[in-house]
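*Asks:* I'd like to ask some things about the structure below.
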Amino acid sequence: MAQRVRDLRAGGRRVISLLLGEPDFPVPEAIQEAAIRAIREGVAPYPPVPGLAPLREAIASHYTRYYGTPVSPHQVVVSNGSKQAIYNALLCLLEPSDEVIIPVPYWVSYLPLVHLAQGCPVLVPTRQENHYRLTPDQLARSITPRTRALILNSPSNPTGTTYSREDYAALIEVLRNHPRIWIIADEIYDLLVYEGRAVSFLEFVELQERTIVCNGFSKAFAMPGWRLGYLIAPPDIAEAAIKVQGQTTAGANIAQKAAIAGLTGDIEALIAPMRKAFQERRDAIYQYLTTHHPELHPYKPQGAFYFFLSVEAYLGRKTTLQTADDMVDYLLEHGLALVPGTGFGMPTHIRLSYAVALSEIEAGLSLLTRALHALA
Ligand code: PLP
């Protein structure tokens, strides 16, 4: 989609793009300065495979402080993005044909990553009425003797749903009876929650021995292009992840030095302005959609920066559009770029990102209304 937008724009078309999964904010000044200082040191040796010691310490003490759960630097492995951290985790855990439970809708890369690690994804559709969260019953029914892992993503891409402490506790009731199952908790949007704060799966001491948290700097620190993420795991899995990474990409790049500045400074001061802007946009979009498009069943995200909207009312017999992909093509003809839900496991939905200036969002919403009215 991004390429199609670029092509259209190159041909002189005006296109409003609400596609992207990256913040439209600059990298915080303190992080930029630290990066420049690191470059001016003038030497660039191979970094240690698990990450620079001060960064592993900073990550461990950030989680310890923020979530009140002790994390040691030896549990931390820094990677080239949290996507690599998730892949490392899967490569460490899975034997061929091991099953991995993935609630639907899911972040697009989980499925291919499980396939690459020779696992079998077990997809479990969630419902908007249940806030797109996996229920304990659904979890219990999806478990087989081959289940090896469960991937949870809170706050979620694409829905923005955020599991509460009670939601996690209810899932743990089920997991308690299945000691073979690991939890991969993708917490990359944890600092972008709009009311209250996120709960980390690491807060549940009982399951810490089989929890791998994946997180990174692409979202809350607005550093997607710097490719920096990490996992936090029990020491033996961390050791295994270091071995895997040592033979693939080895240690992450020089941006690690900048990330230390991000984590050891006043994190709240760095992130609060961006989070406030996202919250204002979320509220404006939700207000607009509930007023003008109740048929899209807008779900109010509690975190991250996406709306996931049902276009089912416009598909099928009444129009020529059969799937969300058709809808996205149709909207693009009207100058609005959105992502079809197909890649997230729901071909009846579209994703709208609000990591874009409010003026663009407003223009995009008007285009959406015009295009949908033309269909009706
Ligand atoms: N997990 C989720 C839910 C995401 O949305 C993304 C990026 O869009 C990632 C992981 C990967 O992030 P990174 O840039 O750290 O590889």
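*Asks:* Search region 72-109 for residues being in a helix (DSSP H, G or I) and hydroxyl-bearing (Ser, Thr, Tyr), and hand back the single one that is nearest to ILE181 (Cα to Cα).
*Replies:* TYR87
*Asks:* Could you list, ordered by first residue, the pairs with Cβ atoms under 7 Å in which the first is in region 76-104 and within 14 Å of VAL122 (Cα to Cα) and the second is open to solvent by less than 10 Å² (accessible area, probe 1.4 Å) and within 12 Å of the ligand (Cβ to nearest atom), at least 6 apart or interchain?
*Replies:* VAL100/ILE151; ILE102/TYR110; ILE102/ILE151
*Asks:* Can I ask one more? Give just the number: which of (1) over 23 Å from THR162 (Cβ atoms); (2) surrounded by fewer than 24 Cβ atoms within 10 Å (Cβ to Cβ); (3) within 11 Å of the ligand (Cβ to nearest atom) does LEU228 not satisfy?
*Replies:* (2)
*Asks:* Can you spot a residue in region 347-355 that is of a type in the set (Val, Ile, Thr) and touching a strand residue (DSSP E or B) at 6+ places or on another chain (Cβ under 9 Å)?
*Replies:* Taking region 347-355 as the starting set, the residues that turn out to be of a type in the set (Val, Ile, Thr) are 348, 350.
Checking which are touching a strand residue (DSSP E or B) at 6+ places or on another chain (Cβ under 9 Å) leaves us with 348, 350.
Yes.
*Asks:* Does THR161 qualify as being in contact with a helix residue (DSSP H, G or I) (Cβ under 8 Å, 6 or more places away or on another chain) and open to solvent by less than 10 Å² (accessible area, probe 1.4 Å)?
*Replies:* Judged against the criteria, THR161 is not a match.
*Asks:* Between a residue in region 327-348 that is closer than 18 Å to ARG6 by Cβ and any residue that is of a type in the set (Lys, Arg) and in a loop (DSSP other than H, G, I, E, B), which pairs come within a Cβ distance under 9 Å, given they are 6 or more apart or on different chains?
*Replies:* Listed by first residue and then by second, the contacts come to GLY335/ARG13; GLY335/ARG14.
For every residue, the table says whether it meets (1) out of contact with any Phe, Trp or Tyr (no Cβ under 7 Å at 6 or more places or on another chain); (2) crowded, with 17+ Cβ neighbours inside 10 Å.
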residue: ARG40; (1), (2): yes, no
residue: GLY68; (1), (2): yes, no
residue: VAL78; (1), (2): no, yes
residue: ASN88; (1), (2): yes, yes
residue: GLU99; (1), (2): yes, yes
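*Asks:* Being touching a strand residue (DSSP E or B) at 6+ places or on another chain (Cβ under 7 Å) and β-branched (Val, Ile, Thr) is the filter here, so list the residues in region 74-113 that pass it.
*Replies:* If the condition is that a residue be touching a strand residue (DSSP E or B) at 6+ places or on another chain (Cβ under 7 Å) and β-branched (Val, Ile, Thr), then VAL76, VAL77, VAL78, ILE86, VAL100, ILE101, ILE102, VAL104 are the ones that fit.
*Asks:* Suppose we keep only residues that are hydrophobic (A, V, I, L, M, F, W, C) and within 12 Å of the ligand (Cβ to nearest atom) within region 103-130. Which one would you say is least open to solvent (accessible area, probe 1.4 Å)?
*Replies:* LEU113
*Asks:* While we're here: Can you name the number of the only condition in (1) farther than 23 Å from GLU187 by Cβ; (2) touching a residue at least 60 places away in the same chain (Cβ under 8 Å); (3) assigned by TED's automatic domain parsing to the domain that holds PRO158; (4) not in a helix (DSSP H, G or I) that THR69 fails?
*Replies:* (1)
*Asks:* Let me ask something additional. Scan (1) outside any loop (DSSP other than H, G, I, E, B); (2) of a type in the set (A, V, I, L, M); (3) in contact with a strand residue (DSSP E or B) (Cβ under 8 Å, 6 or more places away or on another chain) for the single condition LEU332 breaks and write down its number.
*Replies:* (3)
*Asks:* Mind checking which pairs have a first residue in region 210-227 that is aromatic (Phe, Trp, Tyr) and a second that is assigned to a helix (DSSP H, G or I) and within 11 Å of the ligand (Cβ to nearest atom), Cβ under 7 Å, 6 or more apart or different chains?
*Replies:* Qualifying pairs under 7 Å: PHE217/TRP226.
The values are calculated or read from the model by the stated rules, or taken from the named source; none is laboratory data. If you're wondering where the values come from, they're calculated on a predicted model, not measured in any experiment. We place every Cβ from the backbone using ideal geometry, glycine too, and count neighbours over all the protein chains shown. The protein model used for the area step is the full one, side chains on, heavy atoms only, and it has no ligands, DNA or RNA in it. Shrake-Rupley method; radii C 1.70, N 1.55, O 1.52, S 1.80 Å.
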